[in-house]
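Right, one structure below, let's go through it.
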Amino acid sequence: MFFQYDIYLILVLMLFFLSYSKLKISNIIKNLEHQNIITNNLIDTVDDGFYIWDAKKRTEKFSPNLLVLFNTIFNSFNEFVNFFEQSEELMKNFVEAKKVSKFFTMDLKAKDSEVYCTCYGRSIVDHYNNVIGVLLWIRNTSGYKLKVSELELENKKLMQEIENYKNIFNALPYPILTYNIHKKVKFYNLFYNKYTNNSQKLSITNSIHSNKLLKHVMIYKNERRIFNLIKLPIYNSNEVVVYGQDISEVEKLQTVLDNHLATQKNLLEELPVAIAIYNKNQKLKFYNNAFVRIFQFDPSFLSSYPTYHEVMLHLFETKKLLNEEDFQASSQQTSILFKELIGSYNNMLYLINGKIIRVLIIPYASEGLLFSYEECKNYDKKLT
């Protein structure tokens, strides 16, 4: 009796555990199904597609998105591989991934269309590191590839423009260079590199650093050339361009002019006729010894470079050589001449001491007047 009861109890317990195990397994299956649904929905929201090979079940699967990506249906893996120009390399990596654990990445292009994608392949392994499948994750990169191609084309055009500008700069017969806020040279043209020796480059760099750009002498085609370096900020940039202004001819002309002026000055100094030159501001610019002698000027007064009015006032008030009427007339008349004279003008100046001075006024160097004073010996005195 008791033995039968024990058996009955054991059977009840076994049924309970079987029911509990079945319920637990059922819950596990439901959880797995739920997770599978979530995973599939997550995968479907991604634009990428995939191919998976299951070694244990010996099955393969193409995701729906993969077929949408290429707008075609693959009946086999071979059809899928042959869809790309890199089919041999893709097949090689796939076969290797079936044998040993492997991860690889490839860029693929469709054979008959401008479809580009990236393939991320990897072996699927179990807890014992045995390969149980292979996953190929495919991402369509056609849009990125097109954008990259556009950017590369634009970059090529820009590079060509830069090269054209460099050729223009290199063709110029004067030095050009740019430097940044750290005084580091960023670009220089062929002239600067070819005709500027190391010491001159150092001199130019030092002058840039000191913000005092001086004249620099260079030998260009066996000819001595003088360049005045000029700095200009580059718009909307922290760089500055420095270019050489060729002033060789200007320097030659200036030397010739200086020699001419020196000769002219020596000639005017030796003339017995008094000479006075005033600039456009009516300030005394030059006078010779005869000018001092005829009017008995104090050299210290003339060395202060007085104006024409101050000179005439000095003759009127200090030297007492002009009467008031002549002083007023001369001042008014000459003020007009400084503004309007384009030819020559003759006049007579009668001094109180009895001297009669012939005055010749002519424009000088387009910016002033030259006065010539010649004492007349045979003229009658001014009638009173």
Identify all residues within region 366-384 that are under 60 Å from the mean Cα position of the chain (by Cα), at pLDDT 75 or above and open to solvent by 60 Å² or more (accessible area, probe 1.4 Å); write none if there are none. 367
Could you check how many residues of region 169-184 are closer than 15 Å to residue 206 by Cα and either assigned to a strand (DSSP E or B) or not polar (S, T, N, Q) (or both)? 7
Here are 113, 101: which of them is assigned by the TED database to the domain that holds residue 80, farther than 18 Å from residue 74 by Cβ and either of a type in the set (S, T, N, Q) or in contact with a strand residue (DSSP E or B) (Cβ under 8 Å, 6 or more places away or on another chain) (or both)? 101
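Conditions (1) open to solvent by 80 Å² or more (accessible area, probe 1.4 Å); (2) under 19 Å from the mean Cα position of the chain (by Cα); (3) on the phi > 0 side of the Ramachandran plot; (4) of a type outside the set (Asp, Glu), marked per residue:
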{"position": "161", "(1), (2), (3), (4)": "yes, yes, no, no"}
{"position": "164", "(1), (2), (3), (4)": "no, yes, no, yes"}
{"position": "177", "(1), (2), (3), (4)": "no, yes, no, yes"}
{"position": "233", "(1), (2), (3), (4)": "yes, yes, no, yes"}
Considering (1) assigned to a helix (DSSP H, G or I); (2) touching a Lys or Arg at 6+ places or on another chain (Cβ under 6 Å), say which one residue 156 fails and leave the rest. (2)
Tell me the strands (runs of 3 or more DSSP E) entirely within region 260-370 that contain at least 1 residues that are touching a Pro at 6+ places or on another chain (Cβ under 8 Å). 284-287
Of a type in the set (Gly, Ala, Ser), surrounded by 12 or more Cβ atoms within 10 Å (Cβ to Cβ) and out of contact with any helix residue (DSSP H, G or I) (no Cβ under 8 Å at 6 or more places or on another chain), is that true of residue 290? yes
Of the conditions (1) outside the structural domain of residue 179 (by the TED database); (2) acidic (Asp, Glu); (3) more than 30 Å from residue 333 (Cα to Cα); (4) surrounded by 12 or more Cβ atoms within 10 Å (Cβ to Cβ), residue 246 satisfies every one except a single condition; which number is it? (1)
Do we find a residue being open to solvent by 50 Å² or more (accessible area, probe 1.4 Å), at pLDDT 90 or above and in contact with a Lys or Arg (Cβ under 7 Å, 6 or more places away or on another chain) anywhere in region 132-144? yes
Taking only pairs six or more apart or across chains, which ones have beta-carbon atoms under 9 Å, a first residue in region 250-273 that is in contact (Cβ under 8 Å) with a residue 24 or more places away in the chain, and a second residue that is assigned to a helix (DSSP H, G or I) and of a type in the set (S, T, N, Q)? none
Which listed residue, of 103, 94, 74, is closer than 23 Å to residue 56 by Cβ, open to solvent by 90 Å² or more (accessible area, probe 1.4 Å) and out of contact with any Cys (no Cβ under 8 Å at 6 or more places or on another chain): 103
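The values are calculated or read from the model by the stated rules, or taken from the named source; none is laboratory data. The shown structure was predicted, so the numbers you read here are calculated from the model rather than taken from an experiment. So basically every Cβ, Gly included, is an ideal-geometry build from the backbone, and we count neighbours across all protein chains shown. Just so you know, the surface numbers come from the protein's heavy atoms only, side chains and all, with ligands and any DNA or RNA stripped out. Shrake-Rupley method; radii C 1.70, N 1.55, O 1.52, S 1.80 Å.
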